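What follows is a set of notes on a single structure, which appears directly below.
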Amino acid sequence: MSVASGAEVLLDREQTDVTLRDLARQILEREPEAGDLLLIGIRRRGVELAERLAAHMEKQSGARIPTGSLDITLYRDDFHQIGPKPVIGSTELPVEITGRRVVIVDDVLHTGRTIRAALNELADFGRPRRVELCVLVDRGGRELPIQPDYVGRSFEVRVGEEIAVSVRGLDGELLVRRVPVAGVR
Amino acid sequence: MSVSREGSTSAARANGGSGGLGLGKDLTGLESLTGAQIEAILDTAEPFKEISERRIKKVPVLRGKTIVNLFFEPSTRTRISFEFAEKRLSADTVYIGASGSSVQKGESLVDTARNLEAMRIDMVVIRHGSSGAAAFLADRIPSNVVNAGDGQHEHPTQGLLDLLTIRDRFGSLVGRRVCIVGDILHSRVARSNIWGLLACGAEVAVCGPKTLIPLGIEELGVTVLSRVEEAIEWADVLYVLRLQLERMSAGFIPSLREYNRVFGVSRARLERAPREVVVLHPGPMNRGVEIDSDVADGPWSLILPQVTNGVAVRMAVLYLLAGGSPELAEAAKEGA
């Protein structure tokens, strides 16, 4: 495993996958009737996590749960501070969200600002019946009144450190690490 | 051609101002841009296409920014395209035309702009009859300036939307053969396309009456073709320019009918093309002069996709230029 110096593996591939499997089960348990469920991953790493959750759900219930992706770049609250990102991902919602149960999926929950942006963007697409939040890791440090419905694991983060989630499609491997802030993301 | 205000060319400004592309404060032309910068603008335009397909065609990214559309020359398509782009990014916009404004009373360009600055604007989109007007203004006000056509110099957002349309169709601009047909001499659209296409690795030719081809254009690496049949045989893309009707009275061409007979892009001519050829036109068209209706409305035409792409490209340009101040960019980098 190629791990940058100073990095500490918190969850290896196996542990990450088991965590996702548990999250999938919890999401299904909350409402046994999953007919209108839609998983929406936040770009970039939330998208693969949403797909992995959907795959676990299919194994567990036999139902194919649709997944979509949300790019919140244009809804960020710090555009005027950090300026534009030249490459923006696209938002792809395969089905109408109005009236559905939507679960937003992201890798790490920190300040809550990304989720605020995601909620605003979702509101421009329609009015879901219910919106829930599922995160693989909660590292604390909220700056907005936002709480997740499903949390894979919670980790303390010291000053100068952050949590890095790697996924197969973007990083070649599935794992969760604690890394120095300047670390590879 | 992009002229930056004194002291605003630091790396931080470039990063903060255009997403690290180094575009600087303004977009006054494509001549000064690299192929990589142009491709990056086109890449940025991609996700903006989707926003125009949404039910709520609006994202909040330029909320609170004030944009002035300063049109000293009449324009319908470009003006509306910019307005849609601005509104879909949630900017506040005002339109100022030459007639009915203080411009008509003889106010100078700089005075007009300075008065607007005094009302705390953020960006100016300018269309002007004099070549260099956009750069002149960009040099004198701190707001971002976007050239929407200046005299016979450049029309960079038109060039970008044309490049995007060609890239959409063929996947890449590299090695694509594009022949621009018509009045090259007076055309800012031709200039922006030539710079942009060459920077992105396309092959460029021009075709038109000798009186309307600039002398020495071959030195740019552009091929000159004298017959439209040759152009059709050579090209993947025919870029048909609008023939400005006043050129006839100025003696550049004998008559519109004669022009159509020799240089008009017709179905009969295109059907003899040895391979698939697509046709672009910046509009508005003179049907039956430079382009026949069969072609404009036929399977060759990418004219309406051009118009759709125009909004996305302008959204991308406004988005990239509207970035934050250098101090904030630095602070955010440290706090990220």
Fill in the blank from the handout: Filtering the range B:308-336 down to residues that are part of a helix (DSSP H, G or I), at pLDDT below 95 and of a type in the set (Ser, Thr, Tyr) yields B:319
Handout entry: Cβ pairs under 8 Å, 6+ apart, first in the range B:253-275 and more than 14 Å from residue B:292 (Cα to Cα), second among the charged types (D, E, K, R) and crowded, with 17+ Cβ neighbours inside 10 Å
Key = B:253/B:247; B:275/B:236
Completion exercise
Flagged in the range A:116-140 as away from chain B (no Cβ under 14 Å) and aliphatic (A, V, I, L, M), in numbering order, are A:131, A:133, A:135, A:136, A:137
Practice task
Assess whether residue B:90 counts as being small (Gly, Ala, Ser) and within 14 Å of chain A (Cβ to nearest Cβ).
Solution key: yes
Practice task
Evaluate the following for residue B:178: is it under 17 Å from residue B:234 (Cβ atoms), touching a residue at least 40 places away in the same chain (Cβ under 8 Å), β-branched (Val, Ile, Thr) and not in a loop (DSSP other than H, G, I, E, B)?
Solution key: yes
Completion exercise
Of the residues in the range B:17-48 that are facing another protein chain (nearest Cβ under 10 Å) and over 17 Å from residue B:159 (Cα atoms), the one that is modelled with the lowest pLDDT is B:17
Completion exercise
The condition from (1) without any contact (Cβ under 8 Å) to a residue 40 or more places away in the chain; (2) within 14 Å of chain A (Cβ to nearest Cβ); (3) surrounded by 15 or more Cβ atoms within 10 Å (Cβ to Cβ) that residue B:98 misses is numbered (2)
Problem - Of all residues making up the range B:49-95, the number that are crowded, with 20+ Cβ neighbours inside 10 Å and farther than 23 Å from residue B:156 by Cα - result: 1
Problem - Count of residues meeting criterion [under 12 Å from residue B:228 (Cβ atoms) and in contact with a helix residue (DSSP H, G or I) (Cβ under 6 Å, 6 or more places away or on another chain)] in the range B:258-269 - result: 3
Exercise for the section: State whether one or more residues within the range B:66-83 are touching a Phe, Trp or Tyr at 6+ places or on another chain (Cβ under 8 Å), within 10 Å of another protein chain (Cβ to nearest Cβ) and modelled with pLDDT of 90 or more. Expected result: no
Exercise for the section: Just name the residue that is farthest from the other protein chains (Cβ to nearest Cβ) out of those in the range A:79-107 that are out of contact with any Leu (no Cβ under 7 Å at 6 or more places or on another chain) and in a strand (DSSP E or B). Expected result: A:106
Practice task
Go through (1) away from chain B (no Cβ under 14 Å); (2) surrounded by fewer than 22 Cβ atoms within 10 Å (Cβ to Cβ); (3) under 29 Å from residue B:313 (Cα atoms) and name the single condition residue A:113 misses.
Solution key: (1)
Exercise for the section: Check the range A:94-103 and report whether any residue there is closer than 19 Å to residue B:51 by Cβ, buried (at least 22 other Cβ atoms within 10 Å of the Cβ) and in contact with a helix residue (DSSP H, G or I) (Cβ under 8 Å, 6 or more places away or on another chain). Expected result: no
Problem - Matching option when the condition is closer than 30 Å to residue B:213 by Cα, in a helix (DSSP H, G or I) and either away from chain A (no Cβ under 14 Å) or at pLDDT 95 or above (or both), among B:305, B:299 - result: B:305
Practice task
Being out of contact with any strand residue (DSSP E or B) (no Cβ under 9 Å at 6 or more places or on another chain) and more than 7 Å from every other protein chain (Cβ to nearest Cβ) is the filter here, so list the residues in the range A:56-78 that pass it.
Solution key: A:56, A:58, A:59, A:60, A:61, A:62, A:64, A:73, A:76, A:77
Practice task
Enumerate the pairs (first residue in the range B:194-222 and farther than 24 Å from residue B:157 by Cβ and at pLDDT 95 or above; second residue anywhere and acidic (Asp, Glu) and surrounded by fewer than 21 Cβ atoms within 10 Å (Cβ to Cβ)) with beta-carbon separation below 9 Å, excluding pairs fewer than 6 apart on the same chain, so at least 6 apart or on different chains.
Solution key: B:207/B:230
Practice task
Scan the range A:53-96 residue by residue and report those that are more than 30 Å from residue B:320 (Cα to Cα) and in contact (Cβ under 8 Å) with a residue 40 or more places away in the chain.
Solution key: A:53, A:95
Exercise for the section: Kindly indicate whether any position in the range B:276-296 is over 24 Å from the mean Cα position of the chain (by Cα) and under 17 Å from residue B:234 (Cβ atoms). Expected result: yes
Problem - Top-ranked residue of the range A:116-150 - restricted to ones that are of a type in the set (Asp, Glu) and in a loop (DSSP other than H, G, I, E, B), ranked as surrounded by the fewest Cβ atoms within 10 Å (Cβ to Cβ) - result: A:143
Handout entry: Residue satisfying condition, being over 30 Å from residue B:279 (Cα atoms) and not in a helix (DSSP H, G or I), within set B:140, B:114
Key = B:140
Practice task
Determine if the range A:155-164 includes at least one residue that is touching a residue at least 12 places away in the same chain (Cβ under 8 Å) and buried (at least 20 other Cβ atoms within 10 Å of the Cβ).
Solution key: yes
Exercise for the section: Just give me the residues in the range A:23-48 being in contact with a helix residue (DSSP H, G or I) (Cβ under 9 Å, 6 or more places away or on another chain), part of a helix (DSSP H, G or I) and surrounded by fewer than 18 Cβ atoms within 10 Å (Cβ to Cβ), in sequence order. Expected result: A:25
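The values are calculated or read from the model by the stated rules, or taken from the named source; none is laboratory data. Note that the structure is a prediction, hence the values are computed from the model and not measured. Using ideal geometry, Cβ is built from the backbone for each residue, glycine included, and neighbour counts are taken over all protein chains shown.
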